[in-house]
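A.B. asks: Have a look at this one.
Here, each number is a calculation from the coordinates, and none is a lab measurement. None of the values given here were measured: they were computed from a predicted structure. Cβ sites come from the backbone with ideal geometry, for glycine too, and all protein chains shown count toward neighbours.
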Amino acid sequence: MWLTRLGVLAALACVLAFSLPAGAASDPLLSQALSLINTQEYKQAYALLEPLESERAGDIEYDYLLGVAAVESGNVTRGVFALERVLAINPNHTAARTQIAKAHFQLGEIDTSKAEFNNLLSQSPGHETADAINRFMSAIDKALGLTTTFGAYLDIGYGFDSNINSATSSNSVSISLFPGTPLVDIPLTGAAQEQSSKYISLAGGASFRHPLTKDLAVFGSVNGLTRTNWNEGQFDPSIMDYNLGLTYKKHIDMFTVGLQGNTYDLDGDRFRRSYGMLGQWQRDVDDKNQVSVYGHYSKLSYPDSDVRDADRYIIGAGWAHVFAGDKTPVVFFGPYIGKENTEDSSFDFLSNSIYGIRAGGQLSMSPKLVAYAGASYEYRDYDEQDPIFSETRRDNQYDFNVGLRYLPGYKWTIRPQLSYLKNNSNTTVFDFDRAVLSINFRKDFNW
């Protein structure tokens, strides 16, 4: 649920923006704490206020600022205690009740959080405050899947790709013209070698989620991407993804099953299509940790090369953690294993075992700017010796990416990114690297 909470809590910023006590300015300590809170330096504010709790507890302005600093710095339970002292003296303290409602939401106490907001509405707050609270409560319902939601997006990108065809840079390759015959060197030219190009991409998609009961919902989406390379149009890709499934949530566990489909075209011709199913279990261990286990099956079909048709199986696990702090650091980690079996057993040299791991994270540099990075490693061990190359293929693939997400407002995202992929293979023709530098502009629509 931690990703859900990040999105919902953003909707609360407008409620809290006018919640700080004006009287704090008359006390040097509280004035300093207020200044730190206004600049979102919550850890420093908490470190300043917390040592004085035993002697200043009961001072409404002190307790309120301590509560804000504690909740925002990740010491949520301590913050609740301080805010409850404020409400014990002044039950109509709107700012404290707003903050404690947020704290209960962070603790996963959704019903208590909504009850606190309803208490606020019963106090007839100003029009602006009431609208903000209603927007937040609506955001909670949407994030928790209690109402039907729809989404769509458009994405335009521009970039440079150093290897649009994922080909080797070697000038030749050694192959066996007939099984069992000596290897001979064959020169590589043109499209058989790596080609670089600038490109423009266009992507878009639509999705929906509809609750069937309090715990069960149906979801679906369709996404498409097309890319035009300035050089070598024969490698222009077009991709379509489809999925439809069900989610069942009970307490801290969520179960997902779904059907998936994909088509991958090159220069308008069908290169590959696949369809399959996914199953996943996900648990919100606590407010900062989430774990998952998943399994995926897909049927791969190559219309112009049916000897490559295969069944692919993947199982994996994941862990994600949100650190406390102003920049809300997030990290994730996930190993997986799999198997790809060709349908035609006489081509088992194309079948392979898969072992991989993914990791990454993000850092909120400011409310509008997020830095992120990711890395993955995959080892592919092929079943039999390839009769053309007279060796059993082994691949070690490394993938890295780093980028920024800038949110200028109005549901726009600007995303510059640099990615690098290196595939080390003992078979020369499959040994390559690829770097892509891009910038994308995305517009989201939600209702």
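A.B. asks: Write out the chymotrypsin sites (Phe, Trp or Tyr not before Pro) in the stretch 313-406 meeting two conditions: DSSP loop, and at most 16 other Cβ atoms within 10 Å of their Cβ.
C.D. replies: Answer in residue order: Phe323.
A.B. asks: Could you sort the peptides 56-65, 184-193 by per-residue average Cβ neighbour count (10 Å cutoff), highest mean leading?
C.D. replies: Descending mean neighbour count gives 56-65, 184-193.
A.B. asks: What does the net charge come to around Lys443 if you take all other residues with beta carbon closer than 13 Å to its beta carbon, with K and R at +1 and D and E at -1?
C.D. replies: So the environment of Lys443 carries a net charge of +1.
A.B. asks: Further, regarding this structure: How much length is gained if the chain between Asn341 and Asn446 is pulled fully straight, taking 0.36 nm per residue apart and subtracting their Cα-Cα distance, in nm to one decimal?
C.D. replies: 33.7 nm
A.B. asks: Using a cut-off of 15 Å between beta-carbons, work out the net charge of the residues near Met240 (Lys and Arg +1, Asp and Glu -1, Met240 not included). Mind dumping the intermediate values first?
C.D. replies: Working: positive: Arg227, Arg270, Arg272, Arg273; negative: Asp155, Asp236, Asp241, Asp265, Asp269.
Around Met240, the charge tally is -1.
A.B. asks: Further question: Any idea how far the Cα center of the stretch 187-249 sits from the one of the stretch 70-140, in Å?
C.D. replies: So the two Cα centres are separated by 41 Å.
A.B. asks: What's the local net charge at Leu120, with K and R +1, D and E -1, over the other residues with C-beta under 14 Å away?
C.D. replies: For residues surrounding Leu120, the net value is +1.
A.B. asks: Related question: In the Gaussian network model of the chain, springs joining C-alpha atoms below 10 Å, which of Ser301, Ser124, Ser376 carries the largest mean-square fluctuation?
C.D. replies: Among Ser301, Ser124, Ser376, the largest mean-square fluctuation in the Gaussian network model of the chain belongs to Ser124.
A.B. asks: Let me ask another. Give the order of Ser346, Ser274 when sorted by the count of other beta carbons within 10 angstrom, beginning with the fewest.
C.D. replies: On the way: Ser346 7, Ser274 17.
Ascending number of Cβ neighbours within 10 Å: Ser346, Ser274.
A.B. asks: Using a simple spin-label model with points 7 Å from Cα along the Cα→Cβ vector, what separation in nm is obtained for Asp185 and Val257?
C.D. replies: Distance between label points: 5.8 nm.
A.B. asks: Something else now. Tell me the chymotrypsin sites (Phe, Trp or Tyr not before Pro) within the stretch 207-293 that lie in a loop according to DSSP and have at most 15 other beta-carbon atoms within 10 Å.
C.D. replies: Details: sites: Phe208, Phe219, Trp230, Phe235, Tyr242, Tyr248, Phe255, Tyr264, Phe271, Tyr275, Trp281; in loops: Trp230.
Hits after loop and neighbour filter: Trp230.
A.B. asks: Is the shape of the stretch 320-447 rounded, prolate or oblate, going by the alpha carbon gyration tensor and its root eigenvalues a ≥ b ≥ c, with a/c under 1.5 for rounded and a/b larger than b/c for prolate?
C.D. replies: Values: a/c = 2.74, a/b = 2.38, b/c = 1.15.
Because a/c hits 1.5 or more and a/b exceeds b/c, the stretch 320-447 counts as prolate.
A.B. asks: Please report, in Å, the Rg and the Dmax of the stretch 151-446, where both are computed over Cα atoms only.
C.D. replies: In order Rg, Dmax, the Cα atoms of the stretch 151-446 give 21.3, 67 Å.
A.B. asks: What does the helix-only formula give at 222 nm for the chain: each DSSP H stretch with n ≥ 4 adding -39500 (n - 2.57), the total divided by the residues, and the result rounded to the nearest 500 deg cm²/dmol?
C.D. replies: Computed ellipticity for the chain at 222 nm equals -7000 deg cm²/dmol.
A.B. asks: State which entries of Lys114/Lys214; Lys249/Lys299; Lys43/Lys411; Lys43/Lys288; Lys102/Lys142 exceed 21 angstrom in Cα-Cα distance in the structure shown.
C.D. replies: As for pairs spanning more than 21 Å Cα to Cα, those are Lys249/Lys299; Lys43/Lys411.
A.B. asks: Please report, in debye to the nearest 20, how large the charge dipole of the chain is about its Cα centre when each Lys and Arg carries +1 at its beta carbon and each Asp and Glu carries -1 there. Intermediate results must be reported in sequence, preceding the final value.
C.D. replies: Values: 38 positive and 51 negative charges, 218 e Å.
Result for the chain is approximately 1040 debye, rounded to the nearest 20.
A.B. asks: Using alpha carbon coordinates only, what is the Rg to Rh ratio of the stretch 314-375, with Rh defined as the Kirkwood radius?
C.D. replies: Details: Rg = 18.2 Å, Rh = 14.2 Å.
Taking Rg over the Kirkwood Rh, I get 1.28.
A.B. asks: Can you grab the distance from the C-alpha centre of the stretch 411-447 to the C-alpha centre of the stretch 267-325, Å, no decimals?
C.D. replies: Rounded to whole Å, the Cα centres lie 18 Å apart.
A.B. asks: When Arg270, Arg442 are ordered from fewest to most other Cβ atoms inside 10 Å of their Cβ, what list results?
C.D. replies: Arg270, Arg442
A.B. asks: Under a cut-off of 20 Å between alpha-carbon atoms, report the lysines in cross-link reach of Lys198, not counting same-chain residues fewer than 8 places apart.
C.D. replies: Once the sequence-local lysines are set aside, what remains near Lys198 is Lys422.
A.B. asks: Moving on to the next point. Apply 1/(1 + (r/R0)^6) to the Cβ-Cβ distance of Asp286 and Ala192, taking R0 = 41 Å, and write down the FRET efficiency to the nearest 0.05.
C.D. replies: That gives a FRET efficiency of 0.20.
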